[in-house]
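Have a look at the structure below, then the notes.
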Amino acid sequence: MKKTLLILAMIASSMLFSCNPDNNDDDDSPSNPISNEINGHKYVDLGLSVKWATCNVGAGYPQSFGDYYAWGETETKSYYDYDNCDTYGVEMDDISGDPDYDVANKKWGGTWRMPTRYEMEELEEECEWEWIEAEANGVSGCRVTGPNGNHIFLPAPGDRYGSSLYHEGSYGYYWSSAPGDNDYDSSAYGLRFDGGGEYVNYDSRSYGQTVRPVSE
């Protein structure tokens, strides 16, 4: 009997914190419905030009950091620097939707892809951002509420360089699909945020950062 109750409790816990279509992304109130799923992955309609996934690539639930990728790469690695970055020093166009370089499209398939610079800026400018210290599961990050009142949670996973993880729980770094304008063969645009604000800017392609997919 005790064993049966333990198993049921574990199942209930996994449903609460998973990307389940019947649950919200970071709470269980009915005010933030998840509209549907695409190719087996859940999204929230924030009232923007694209739908935003509830989880990062490689994450099983919204509060999980997920996996870290150098820009334009589709596999994780144990060491991140410019010497082993496949796209560093390579002149490239926007990679959104290209499975050779877009890890969201490669891993999730269907219409999932990395957000463009414009879509990142839309998320930054059109939504309300609230920094939450140690959100569910002890994870800090931002609750991002769209014009229609629905929201997603973006954990603050930090970034990777060399073999180390930096700024975990203090900063969020999320890649877009856009190469940088300045010195564009070695940089790319991404979203950064912390407790003091959020902005879209370019960073070295060699850093390991997380990806939050979007879809039409």
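The values are calculated or read from the model by the stated rules, or taken from the named source; none is laboratory data. Everything numeric here is computed off the predicted structure, so don't read it as measured data. Heads up, the Cβs are rebuilt from the backbone with ideal geometry, glycines too, and the neighbour counts pull from every protein chain shown.
In summary, residue 189 fulfils each of the numbered conditions (1) more than 20 Å from residue 47 (Cβ to Cβ); (2) out of contact with any Pro (no Cβ under 9 Å at 6 or more places or on another chain) with the single exception of condition (2). The combined condition, being within 28 Å of residue 110 (Cα to Cα), touching a residue at least 40 places away in the same chain (Cβ under 8 Å) and not in a strand (DSSP E or B), is not fulfilled by residue 177. Criterion applied to 112, 71, 108, 52 was being farther than 17 Å from residue 173 by Cα, in contact (Cβ under 8 Å) with a residue 24 or more places away in the chain and buried (at least 22 other Cβ atoms within 10 Å of the Cβ), and the one residue passing it is 112.
Looking across segment 180-205 at every residue that is outside any strand (DSSP E or B) and charged (D, E, K, R), the one that is nearest to the chain's Cα centre (by Cα) is identified as 205. List the strands (runs of 3 or more DSSP E) that sit entirely inside segment 1-96 and contain at least 2 residues that are under 22 Å from residue 121 (Cα atoms), at pLDDT 55 or above and touching a helix residue (DSSP H, G or I) at 6+ places or on another chain (Cβ under 9 Å). The qualifying strands (runs of 3 or more DSSP E) are 51-53. Residues that are aliphatic (A, V, I, L, M) and under 19 Å from residue 80 (Cα atoms) within segment 157-182 comprise just one, 165.
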